[in-house]
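Accompanying notes for the structure given below.
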Amino acid sequence: MTNALPDIFLTSPDLQRWVEGGGLSILAARLETPFYVYSAPDIRERIARLQAALSGLDTVICYAVKANPSLAILQLMAAAGLGADIVSGGELQRSLRGGIPAQRIVFSGVGKTEAEMAAALAAGVSRFNLESAHELETLQQIASNQDRLAHAAVRINPDVDAGTHAKISTGRSENKFGVAVGEARRWFADAAQFSHVRLDGLHVHIGSQILTLDPFRQALARIAAFWRELAAAGRAIASIDVGGGLGVCYRGDRDQPVALADYAGVIRETLAGFGGKIVLEPGRYLVAEAGVLLTRVVRVKEGERRRFLVLDAAMNDLVRPSLYDAWHDIVPLHARRRPRVRYDVVGPVCETGDTFASGRELPNCEAGDLVMITGAGAYGAAMASTYNSRPLLAEVMVDGDRYAVIRRRQTYDELMTGETLTREWQAA
């Protein structure tokens, strides 16, 4: 591309270079759209910046696999010395296959099954973040059966409003996550009953896409107060897991993420004097802005009241706008200057909710134009489905002037793998 594309907003320097050099258009000529593109240099840079901000603290960074579970991304995390925060047996297997050692894996989540807990314990994960008394009792039984000692933290629900979307807020008393301090206090009082579970950690995670420091400060202050109470009673705490939740810039003219130095400062301030390990669980922060979704215009449909820009990507490929009313910048990648037009940007899925943006002002688009949806590296491919029998998309990693297809597009045969026509019936 030779002409400037002034409307592009990318916090990812590497992806910006790929746009300006026409590299994304070259990829789109070689691969069927839509597909995801991730920048390895930008992920490495995010990791390095976070590690630098935490310098001097005894920390372990456990990447929240749910944000983007690609094996290639897990490989990047492992190479940088990161661990993994997992919430399922599948994420355990992915993390191990991606090269993250079990001793750097923490197992979170409110609905761990017995089979998942048994597999994680057998693999040697470092810690279970427990969310209910029943889960504690279950872990005790599983550990006893395996004759192993399980290390565990209690997830505290601090009743703090993260100031984010209700569907990604996890630290209010009405949310399903964690337990109140009163219940956690009883767990520690009864800890001697659990011969195969060492309850020596605290955990808190209040939500995702948090753009101010106050919620972090409030939640960690409450955790710190409980840690000091336990320490005064002679109960040693080996680790405090401060969760994740760092917000990113989805909308260039509005979102102002917190500075990493200030975030680290809150941890230093609230946990001053703590001599154990501090665990962090960033996910979105490390990968969201390092990824884009490339898609093409199928057609422009003129309605009576609205003008629809119909893309070949859909809500099954990127569900965040439909699920959370989330904003993603949408950028046509044609180099020609065109008048600006308002569109409802939609996909081909048979749902009115298949809408990426309403009334979005963009340079005039035509069928065949390449379009980039930014900030798609987290909770994009991770939440994708095959709704409307649409194959899962390809995913591509770029690194300098090279690229690799890290997941090829699903074929129709693969889409139907495991299904059969009914030929034989068995009695119940």
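Every number in this text was worked out from the coordinates using simple rules, so none of it is lab data. Since we're looking at a predicted model, the values are computed, not measured. Cβ: placed from backbone, ideal geometry, glycine included. Neighbour counts: every protein chain shown.
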Based on the Cβ-Cβ distance from ARG198 to ASP325, what FRET efficiency comes out when R0 is 45 Å, to the nearest 0.05? 0.55
With the cut-off at 1.5 for a/c, could you classify region 191-252 from its C-alpha gyration tensor as rounded, prolate or oblate? prolate
Dipole axis of region 108-282 (+1 Lys, Arg; -1 Asp, Glu on Cβ), positive-most option in ALA153, ILE206, ALA261: ALA261
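Please report ASP401, ASP214 as a ranked list, fewest other C-beta atoms within 10 angstrom at the top and most at the bottom. Mind dumping the intermediate values first?
Working: ASP401 9, ASP214 14.
The fewest-first ordering by Cβ neighbours comes to ASP401, ASP214.
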Total lysine pairs under 29 Å (Cα atoms) in the chain, excluding pairs fewer than 8 apart on one chain: 9
Prolate/oblate/rounded call for region 86-163, Cα gyration tensor, a/c under 1.5 rounded: oblate
For the residue pair GLU32 and LEU57, what label-to-label distance in nm results when each label sits 7 Å from Cα along the Cα-to-beta-carbon direction? 4.6 nm
Find the Cα radius of gyration of the chain, compare it with 2.2 N^0.38 Å by division, and give the number to two decimals. 1.06
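About the Cα centre of the chain, how large is the charge dipole given +1 on each Lys and Arg Cβ and -1 on each Asp and Glu Cβ? Please answer in debye to the nearest 20. Present the calculation step by step, with values, prior to reporting the outcome.
Working: 47 positive and 49 negative charges, 100 e Å.
Magnitude of the dipole: close to 480 debye.
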How do ILE237, ILE210 line up, fewest other C-beta atoms within 10 Å first? ILE237, ILE210
Can you give the Kirkwood hydrodynamic radius of region 1-136 from its Cα pairs, in Å with one decimal? 17.2 Å
Could you list HIS334, HIS203 in order of exposure, starting from the residue whose Cβ has the fewest other Cβ atoms within 10 Å? HIS334, HIS203
Which shape class applies to region 108-282: rounded if a/c is under 1.5, otherwise prolate when a/b exceeds b/c and oblate if not, where a ≥ b ≥ c are the square roots of the Cα gyration tensor eigenvalues? prolate
